[in-house]
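Only one structure is covered here, and it is reproduced in the block below.
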Amino acid sequence: MYKISVIIPTYNVEKYIEVCINSVINQTIGFDNIELIVVDDCSTDNTYKILEEYCKKYNNFFLFKTDKKSGVGGKPRNIGINNAHGKYLMFSDADDFFTLNACEIMYNAIEQKNADFIIANWSYADEDGTPYDRPIFDLERFKPFKLSINDCVDSFYVMNSSMCNKIFNREFIEKHNMRCLEYVPGEDTHFAMCAFLEADNVYYIDNIMYYYRQRYNENSCSTSFNCSLKYFQGMNVSYKAVYDKFKLKGQLNFYRFVYARNMTYLLYKFIDSTLLSDAERVEILTSMKWFYALSLELNVPACQKSLCILIEKIVNDKYQDAIDICKIIAEIRTYLPSEVKKKMSKPYEAMYKKMLEEKY
């Protein structure tokens with residue numbers, strides 16, 4: 001049995017895939033201890049040809065292909081999980097990359113802790129692959145610790161939605177029959193949160209193990225203005241599945257904080273999108289009214305007063321008023337620096353503290 005199965009979905013990443021693959025092959029744990037599973041989602045560039053060359057070279061490199069393009073990572077990741085034989089599972093997006101000691105450190109941590117999964121620190125990298133200096137989780141504030149569903153401060157903060165800065169016990173994943181949602185975005189959020197709700201032993205380590213490449217191009221939803229009707233329809237499905245899981249487990253107090261983060265993020269995606277007609281916006285708001293109504297039900301205010309007014313309009317079925325407000329906010333945001341816009345899309349620390357004081 002391999003120590004770790006590393007699963008990577010790919011689609012049209014000929015520019016980045018070799019950096020990602022080589023970050024696995026050159027791991028300090030020894031590549032012979034790793035089962036590398038790559039699942040291509042019907043790439044139309046040279047991605048698959050590049051992968052075939054690796055597959056010929058290494059007998060622990062396993063290459064699969066989806067029968068039709070899914071457009072998101074859920075289906076390819078599930079194919080990878082279904083074909084994995086390693087004791088533990090790790091994931092990467094095809095344009096990102098691991099530190100070269102990631103597998104060794106993560107493997108040792110999950111073995112020593114006998115954990116269901118381990119969360120590691122991570123950072124961003126520029127599009128050219130140059131790592132940022134600062135990690136996402138501040139090294140002074142966040143020391144290694146065991147997470148708890150009752151901790152809505154530190155545990156909530158490090159329990160991010162990504163599958164890629166984590167190592168999972170495959171036996172734990174199979175015991176709870178965990179798989180990604182397919183054909184919808186947000187599948188990683190659903191998988192990670194379901195794992196957290198089922199787990200007894202989850203630990204955070206402060207080593208930077210993963211780099212998330214910042215890509216900005218006209219062909220992806222990396223930038224908000226590219227988000228289509230299909231994107232929001234898919235997010236509605238995945239967000240509903242996450243909410244239902246937390247409600248079933250009786251953990252809506254923790255979910256309030258997950259919701260606060262997701263609500264603000266999605267609202268600004270909706271506001272900034274330039275691909276939506278007014279009719280499509282009405283369709284989205286109608287189908288997602290349940291989601292924004294949770295702001296009142298769970299006592300979770302929006303980050304800014306303008307968003308609070310926007311939610312009020314949505315909940316009261318005043319969709320055209322809501323759309324008009326969105327257009328005003330979007331126009332204002334075109335004049336703001338990207339860092340300011342990014343900061344606006346996240347709840348403030350003071351807001352989280354207020355939520356701790358005011359139960360729903």
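The values are calculated or read from the model by the stated rules, or taken from the named source; none is laboratory data. These numbers were taken from a predicted model, which means no experiment stands behind them. Neighbour counts are summed over all protein chains in view; Cβ atoms, including those assigned to glycine, are modelled from backbone coordinates with ideal geometry.
Data table
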quantity	calculated
Residue list for segment 134-156, filter: of a type in the set (S, T, N, Q) and either surrounded by 18 or more Cβ atoms within 10 Å (Cβ to Cβ) or assigned by TED's automatic domain parsing to the domain that holds residue 261 (or both)	155
Enumerated helices (runs of 4 or more DSSP H) restricted to segment 227-302, each holding at least 3 residues that are basic (Lys, Arg)	229-248, 252-272
All positions within segment 304-353 that are touching a residue at least 40 places away in the same chain (Cβ under 8 Å) and either exposed (fewer than 12 other Cβ atoms within 10 Å of the Cβ) or not aliphatic (A, V, I, L, M) (or both)	304, 320, 326, 333, 341, 345, 346, 347, 348, 352
Segment 76-92: number of residues that are farther than 24 Å from residue 108 by Cβ and part of a loop (DSSP other than H, G, I, E, B)	1
Odd one out for residue 160 among (1) at pLDDT 95 or above; (2) surrounded by fewer than 21 Cβ atoms within 10 Å (Cβ to Cβ)	(1)
Qualifying residue in segment 47-62 (condition: charged (D, E, K, R) and touching a residue at least 24 places away in the same chain (Cβ under 8 Å))	no
Helices (runs of 4 or more DSSP H) wholly inside segment 124-220 that include at least 1 residues being small (Gly, Ala, Ser)	154-158, 187-198
Total residues in segment 1-43, condition in contact with a His (Cβ under 9 Å, 6 or more places away or on another chain) and assigned to a loop (DSSP other than H, G, I, E, B)	2
Failed item in (1) more than 24 Å from residue 155 (Cβ to Cβ); (2) charged (D, E, K, R); (3) modelled with pLDDT of 95 or more, with residue 256 passing the rest	(1)
Selection count where residues are within 26 Å of the chain's Cα centre (by Cα), of a type in the set (D, E, K, R) and either outside the structural domain of residue 93 (by TED's automatic domain parsing) or modelled with pLDDT of 95 or more (or both), scope segment 15-68	7
Any hit, segment 67-75, residues being in contact (Cβ under 8 Å) with a residue 12 or more places away in the chain, out of contact with any Ser or Thr (no Cβ under 6 Å at 6 or more places or on another chain) and not in a loop (DSSP other than H, G, I, E, B)	yes
Options 247, 269, 175; residue that is in the same structural domain as residue 344 (by TED's automatic domain parsing), charged (D, E, K, R) and surrounded by fewer than 16 Cβ atoms within 10 Å (Cβ to Cβ)	247
Selection status of residue 4, under 30 Å from residue 231 (Cα atoms) and at pLDDT 95 or above	no
Residues satisfying the stated conditions in segment 1-13, i.e. closer than 10 Å to residue 103 by Cβ and surrounded by fewer than 24 Cβ atoms within 10 Å (Cβ to Cβ)	3
Matching residues in segment 72-98 - criterion: being of a type in the set (A, V, I, L, M, F, W, C) and closer than 20 Å to residue 189 by Cβ	72, 79, 81, 89, 90, 91, 94
Any chance residue 71 is at positive phi and at pLDDT below 95	yes
Where residue 135 falls short, out of the listed (1) of a type outside the set (Asp, Glu); (2) more than 25 Å from residue 10 (Cα to Cα); (3) over 19 Å from the mean Cα position of the chain (by Cα)	(3)
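For every residue, the table says whether it meets (1) more than 18 Å from residue 96 (Cα to Cα); (2) among the aliphatic types (A, V, I, L, M).
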{"position": "15", "(1), (2)": "no, no"}
{"position": "29", "(1), (2)": "yes, yes"}
{"position": "41", "(1), (2)": "no, no"}
{"position": "51", "(1), (2)": "no, yes"}
{"position": "62", "(1), (2)": "yes, no"}
